[in-house]
Amino acid sequence: MFSHRCWLIAVLGILLLFAAAASAESIQDIVDRVNQTTYTSFLEDQLYTHLGDDRKYGAEHDLARDFIFGTFESYGLSTTLEPFTYASSTHHNVVGIHLGTVTPERIYVVGAHYDSTNSNDAGNDPGETPGAPGADDNASGVAGVLEAARVLSQSQFESTLVFIAFDREEQGLYGSKAYVNTHSTDDVRGMISLDMIAYHPYSTGESHYREARVYYSSDNSTLTSELADALDTFGNISGMIGQFGSSDHVPFDNQGFNAALLIEYAVWSNPNYHRWSDSVDTQNYIDYAYATDMTRGVVGYLSTAAVVVSFLDSDFNQDGTVNSDDLLVWQAGFGIENGVAPVSGDANGDTNVDGHDFLIWQQQLGLESTMGSASIAIPEPASQALMVIAWIILGCLFKRV
Ligand SMILES: [Zn+2]
C-alpha cells in the first residue's frame, strides 16, 4: 500500500507533469493571440473605411493594397503581388505565404477581397463611378486575414498557410479566378473566404446573437462542418451551413478544392450593403467583438488543419543546444538505438537544428504511421516528471516506503 508520503510525492510529480505539458503551445494558445485591438486598428486605421473613403479604384485602393503587402512582409511571410488583367488593365492579388515545415505542398488558404464597390456601379468599369468605403464589404474580411496572418506567422505548421487579399471581386471574382488559374495544380486542401464578417445587429439574449453563416458553393465538403466546429470551439459562434455561390470561394470550388465562405448572419438584411454608408463611422454598425470572434474561429480551424508544430524546443539531452546529439537521444526514446544516425541534424537544410528537423527525421525513419507527432510532443521536463512518478510508484510498491 502507498504511504501518505508516497501519495504526496506522486501528486506533486503529477502536478509537475501537467506544468511541463502546459508549456507546449496548444491551438488555444494560438487563438488567444487574436486581439480585438489589432483587428480594430486594421479596420479603422489602415484600410480606408471612413465616410468618403473609396477603395474601388484609385489612390485609397492602392494604399490599402500596399499596406496589406507591407504588413504581410513584416510578419515574415513570402509576399508577392500577383498581377492579372481585368478590363484591359493590370490588377493585383496580394499573396503572403507561411511555408509548412513537414508537408509544405499541402496548402490552406484564407482570403478576402480588398476592393470595394457602391450602390451605383451598374457598369462596373474603371473610373465610371466612385466607390464606397466598404468597411464591412470587405475591409472586415481583410482585417480578419491580416490578424490571422499576424497570429499564425508566430507559430510553425506542418502544412503551408497562404494569406490572400483578392482584387476585383466586386466585378465578378476576377482576382480569385486569376489566382486559381495560376495555381490550378497546387495541392489546396482547404480555402476560406472571409467576406463581410462585422455587421452584427444582435444583443445578448436575442436570437442569432452568436450565429454566422458558413456557405459552400457546389460541393459541401467536410470543410464546412470543420469550420463550423472551430467557430463554435474558439469563437463561441454557431455556423449555419448553407449554399451560396457568389464570393471568392467559388473559383476554388470550381477547381475541385474544398472551399467555404464565412459571412455574418445578418448579411441579407445589411442596410449599408454596397452603399456609401458602409463605413466605420456609421453608428451601431460594425461589431468589432463579433468580427474578432469570427477571426478566432478561422485561426482555430487553420491551426488544427495545418497541424501546429508544438515542440520547437527540442533540447532532449538538456545541454543548452539543439543539435544532432538530441536526435540520437530522441531516437533512443523510440527504442531504435540501432537506427541510422543522422550525419547532420539539419534535416531541412535551413541552417537551424530544431523541432522541424525532428519531424522530417521522423518521416525519414517511417515512424509517422505508427507514432504521430503528438506522441513525441512531450517535452523533456514532462518525460522527467513521468520518470519521477514511475520511480516513486515502483518504490512504493516494492520497498513499502
Ligand atoms: Zn464582398
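The values are calculated or read from the model by the stated rules, or taken from the named source; none is laboratory data. Predicted model only: the values in this text are computed from it and were never measured. In this analysis, Cβ positions are derived from the backbone assuming ideal geometry, glycine residues included, and neighbour counts consider all displayed protein chains.
Worth a mention:
- When every residue of the stretch 241-259 is checked against the conditions, at least one turns out to be more than 14 Å from the ligand (Cβ to nearest atom), under 23 Å from A178 (Cα atoms) and of a type in the set (G, A, S).
- Qualifying positions in the stretch 147-173 - part of a helix (DSSP H, G or I), buried (at least 24 other Cβ atoms within 10 Å of the Cβ) and not aliphatic (A, V, I, L, M): E147
- Considering only residues in the stretch 257-270 that are of a type in the set (G, A, S) and more than 22 Å from the chain's Cα centre (by Cα), the one that is surrounded by the most Cβ atoms within 10 Å (Cβ to Cβ) turns out to be A266.
- A count restricted to the stretch 103-141 and to residues that are at pLDDT 85 or above and either part of a loop (DSSP other than H, G, I, E, B) or of a type outside the set (V, I, T) (or both) stands at 21.
- Residue among V142, V214, V110 that is closer than 27 Å to T38 by Cα, surrounded by 22 or more Cβ atoms within 10 Å (Cβ to Cβ) and within 13 Å of the ligand (Cβ to nearest atom): V142
- Filter result for D219 (of a type in the set (D, E), in contact with a Lys or Arg (Cβ under 8 Å, 6 or more places away or on another chain) and more than 16 Å from the ligand (Cβ to nearest atom)): no
- If you go through the stretch 15-28 and pick out every residue that is surrounded by 15 or more Cβ atoms within 10 Å (Cβ to Cβ) and modelled with pLDDT of 60 or more, you end up with 2.
- Residue selected from the stretch 174-209 under the condition more than 16 Å from the ligand (Cβ to nearest atom) and of a type in the set (G, A, S), by the criterion surrounded by the most Cβ atoms within 10 Å (Cβ to Cβ): G190
- Residue in the stretch 235-256 that is modelled with pLDDT under 95, within 29 Å of H50 (Cβ to Cβ) and exposed (fewer than 15 other Cβ atoms within 10 Å of the Cβ) present: yes
- All of G100, G96, G144 fail the test of being in a loop (DSSP other than H, G, I, E, B) and either closer than 21 Å to G190 by Cα or of a type in the set (S, T, N, Q) (or both), apart from G100.
- Residue in the stretch 199-216 that is farther than 28 Å from A132 by Cα, part of a loop (DSSP other than H, G, I, E, B) and β-branched (V, I, T) present: yes
- Being within 30 Å of G256 (Cα to Cα) and either assigned by TED's automatic domain parsing to the domain that holds E264 or modelled with pLDDT of 95 or more (or both) is true of N93.
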